[in-house]
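Read through the structure below, which is laid out as structure tokens, and then see the notes.
The values are calculated or read from the model by the stated rules, or taken from the named source; none is laboratory data. Here the structure is a predicted model, which means the values were calculated and not measured. With ideal geometry, Cβ positions are generated from the backbone for all residues, glycine too; neighbour counts draw on all protein chains shown. Note: areas computed on protein heavy atoms with side chains; ligands, DNA, RNA excluded. Shrake-Rupley method; radii C 1.70, N 1.55, O 1.52, S 1.80 Å.
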Amino acid sequence: DYRASVDFVDFVSDPESVTHQINSWVEKQTRGRIQGLLPASALPSNARLVIVNTIYFKGRWASRFEKTKTVTKSFWSSPDRPVQVPTMSQKARFRYLADDDVQVLELPYCGGDVSMLVLLPKERDGLTRLEPRLTLERIHHWIDWLRPANVSVELPRFKLASRFALNQ
């Protein structure tokens, strides 16, 4: 049971109303966490079928970042331009790896089934060299070589959101 529904709608005469109906359904199903999933002009009048799926994940870190330790710090969004952002910090034992080009840190969520892998190039301008190396095999290699270590972590507070059109 995926709490799915099938509705028959009129795309031709009022596609914006259908968009509103879909957005309202998504907002209700996610208890207001996902709003405005589709822009008003998202559905063409020649649409015949729309399949909508959303995923919302809000995990709790196994080793939580204390809000009182969040301070504004510089984050290098490009090699020559820092921006000031709220930065979380903690010192704890995590699985960690450092090689010649990158530091890899695993931040587990409560329950131990899910974790976030953080990749930090060693050089401030190293992201452009790291990106072409990001293959599934390399990531598995890094994960295999992670070892427990005492790590001081500083991480900008963040939210991630993505949209994917699957019709291509």
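The table for this structure:
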quantity	calculated
Given (1) part of a strand (DSSP E or B); (2) open to solvent by less than 50 Å² (accessible area, probe 1.4 Å), number of the condition TRP142 does not satisfy	(1)
Any chance ALA42 is open to solvent by less than 70 Å² (accessible area, probe 1.4 Å), of a type in the set (A, V, I, L, M), within 30 Å of GLU106 (Cα to Cα) and out of contact with any His (no Cβ under 7 Å at 6 or more places or on another chain)	no
Index of the failed condition, THR128 passing every other in (1) closer than 30 Å to ARG33 by Cβ; (2) part of a helix (DSSP H, G or I)	(1)
Options SER63, SER162: the member that is within 21 Å of the chain's Cα centre (by Cα), surrounded by 13 or more Cβ atoms within 10 Å (Cβ to Cβ), among the small types (Gly, Ala, Ser) and not in a strand (DSSP E or B)	SER63
Count - residues of the stretch 96-127 that are more than 20 Å from the chain's Cα centre (by Cα) and over 24 Å from ALA62 (Cβ atoms)	8
Residues of the stretch 1-39 that turn out to be over 25 Å from PHE57 (Cβ atoms), among the small types (Gly, Ala, Ser) and either modelled with pLDDT of 90 or more or surrounded by 12 or more Cβ atoms within 10 Å (Cβ to Cβ) (or both), as a count	1
Single unsatisfied condition, VAL114 versus (1) under 19 Å from VAL151 (Cα atoms); (2) surrounded by 11 or more Cβ atoms within 10 Å (Cβ to Cβ)	(1)
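So that you can scan it fast, the table gives a plain yes or no per residue for (1) part of a loop (DSSP other than H, G, I, E, B); (2) closer than 23 Å to TYR109 by Cα; (3) not acidic (Asp, Glu):
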{"residue": "ILE34", "(1), (2), (3)": "yes, yes, yes"}
{"residue": "ILE51", "(1), (2), (3)": "yes, no, yes"}
{"residue": "TRP76", "(1), (2), (3)": "no, no, yes"}
{"residue": "PRO82", "(1), (2), (3)": "no, no, yes"}
